[in-house]
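Derivation of every value follows stated rules applied to the coordinates shown; laboratory data play no part. As the structure is a computational prediction, the values presented were derived from the model and not from experiment. Heads up, the Cβs are rebuilt from the backbone with ideal geometry, glycines too, and the neighbour counts pull from every protein chain shown.
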Amino acid sequence: MKIGIFDSGVGGLTVLKAIRERYKNVDIVYLGDTARVPYGIRSKDTVIRYSLECANFLKEKGIDLLVVACNTASAYALERLKTEMNFPVFGVIEPGVREALRRTKNKRIGIIGTSATVKSGVYQELLKKEGAYVLSKACPLFVPLVEEGLIGGDITRKVIEHYLKDFKGKIDTLILGCTHYPLLKKEIENFLKDVEVIDSSEAISKSLSGYVKDEGNSTLELFFTDFSQNLDFLVNLILGKTLDIKLAEGVFAI
Ligand code: DGL
């Protein structure tokens with residue numbers, strides 16, 4: 001079975017990692033849209049257009065199933081992708097929400113993500129439908145911090161405090177609604193203390209179990225729309241090893 005995964009950039013490799021850890025035999029093709037990252041500041045129409053182009057690129061690679069690793073793309077483009085693709089399409093939002101509802105004890109749940117994801121209200125709506133009290137916050141500086149490799153240390157702790165101080169004592173569960181945030185999970189847990197922190201990359205990989213046949217040759221192909229600075233460093237930071245990366249051919253116009 002061949003699984004396609006796309007993200008606005010490298011952050012979705014956290015999802016790839018979680019999927020590979022659980023399904024060791026499947027073939028995986030990953031596309032990171034590094035030429036057009038970030039999606040988190042863009043309009044809905046633009047995110048939909050970019051997402052369709054990424055999905056069509058992976059479709060050409062003969063995938064059987066698509067995972068939208070990007071939370072922003074999951075928030076804005078999932079329904080459209082489901083309608084237009086002829087294979088199953090999964091986003092990261094519903095699995096994260098289900099996992100949060102399973103683990104919360106008092107239904108007081110926080111959600112953090114890009115400005116676009118938080119503005120879309122998709123997480124909040126799904127949680128509120130289940131009777132949860134929801135606190136949300138866009139944390140735009142977390143993405144560049146991770147991309148600089150600053151996943152610990154004073155600066156990172158200060159930024160975490162800046163964004164999350166208002167959550168302290170008000171929630172018992174926090175959803176990391178952005179591909180990059182799992183890399184900050186330990187520091188976020190240390191800051192919030194006694195809060196269940198939900199990594200949506202783990203949640204999506206778990207939720208695929210009914211759909212994935214763990215059969216194949218365990219191949220892994222990594223495509224990016226630009227060989228941007230820090231790419232090798234970030235692949236190594238997230239996956240723990242350096243891998244062969246290829247340039248995605250096709251039209252990925254701004
Ligand atoms: N991949 C994006 C997300 O999960 C974060 C980076 C971006 O803004 O494109 O929302």
If you filter region 62-167 for trypsin sites (Lys or Arg not before Pro), then keep DSSP loop positions with at most 15 other Cβ within 10 Å, what is left?
K105
Which whole-Hz ³J(HN,Hα) couplings does region 97-103 yield from phi under the Karplus relation 6.51 cos²θ - 1.76 cosθ + 1.60, θ = phi - 60°, glycine and proline marked x?
5, 4, 5, 5, 5, 5, 9
Along principal axes, largest first, the alpha-carbon spread of region 127-168 in whole Å comes out as 38, 19, 13
So, in nm, how far is label Q229 from label E21 when the simple model puts each one 7 Å beyond its Cα toward the Cβ?
3.1 nm
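Do any GluC sites (Glu not before Pro) in region 166-254 lie in a DSSP loop with no more than 12 other beta carbon atoms within 10 Å, and if so, which?
Working: sites: E187, E189, E196, E202, E215, E221, E249; in loops: E215, E249.
Hits after loop and neighbour filter: E215, E249.
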Once Lys and Arg are counted +1 and Asp and Glu -1 for all other residues with Cβ under 11 Å from that of E21, the total becomes +4
Would you mind giving the average projected area, over all directions, of the Cα convex hull of the chain in nm² with one decimal?
12.5 nm²
For the chain, modelled as a Gaussian network with Cα springs under 10 Å, which listed residue fluctuates most, I41, I238, I175?
I41
